[in-house]
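Okay, structure first, notes after.
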Amino acid sequence: QVQLVESGGGLVQAGGSLRLSCAASTRSFRSYTMGWFRQAPGKEREFVAVINWSGGSTSYADSVKGRFTISRDNAENTVNLQMNSLKPDDTAVYYCAAAPADSSNSYYYALRPTLFRNWGQGTQVTVSS
């Protein structure tokens, strides 16, 4: 099992940027596909972005394509989410999650959120208008 801790959330005006980070406590970080999910008030948790074990394959939800970028540093055991051009609809608690890297295709994981078994506690992102 891998322990995950998110950071970087906060309050930002519409059009602004935030960078979220997730620190993983594990001795085999490269064995995990990493993802970001979010849950807005009154809504179900939704997929945001995923990155494969090497960082060479990424997939995004249509709602964030062109604005968000997921990345990872396997030497530091971290995964990041750069969020630009933020909108009020991006307001949510953002969660970092890990899944066993049985595939190198990030899209495989975007279609199967139940593969993510390890979750962080979440970090609040609030975008004001």
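The values are calculated or read from the model by the stated rules, or taken from the named source; none is laboratory data. These figures come from a predicted structure and were not determined experimentally. Cβ coordinates were reconstructed from backbone atoms using ideal geometry, including for glycine residues, and neighbour counts include every protein chain displayed. Side chains are part of the model used for accessible areas, which takes the heavy atoms of the whole protein and leaves out ligands, DNA and RNA. Shrake-Rupley method; radii C 1.70, N 1.55, O 1.52, S 1.80 Å.
With respect to the conditions (1) under 14 Å from the mean Cα position of the chain (by Cα); (2) touching a residue at least 60 places away in the same chain (Cβ under 8 Å); (3) farther than 19 Å from SER21 by Cβ; (4) open to solvent by 60 Å² or more (accessible area, probe 1.4 Å), SER129 falls short on a single one, namely (1).
The number of residues in the stretch 94-121 that are assigned to a strand (DSSP E or B) and modelled with pLDDT under 95 comes to 0. In the stretch 75-89, the residues that are under 21 Å from ALA40 (Cα atoms) reach residues that are in a helix (DSSP H, G or I) and among the charged types (D, E, K, R) with C-beta atoms within less than 9 angstrom, at least six apart or across chains, in these pairs: MET83/ASP90. When restricted to residues that are crowded, with 22+ Cβ neighbours inside 10 Å and under 17 Å from GLN82 (Cα atoms), the stretch 23-36 contains 3. For the stretch 110-126, state whether one or more residues are open to solvent by less than 30 Å² (accessible area, probe 1.4 Å) and touching a helix residue (DSSP H, G or I) at 6+ places or on another chain (Cβ under 6 Å). The answer is no, given that none of the residues of the stretch 110-126 is open to solvent by less than 30 Å² (accessible area, probe 1.4 Å) and touching a helix residue (DSSP H, G or I) at 6+ places or on another chain (Cβ under 6 Å). When VAL64 is tested against (1) outside any strand (DSSP E or B); (2) over 12 Å from the mean Cα position of the chain (by Cα); (3) modelled with pLDDT of 95 or more; (4) not polar (S, T, N, Q), only condition (2) is not met.
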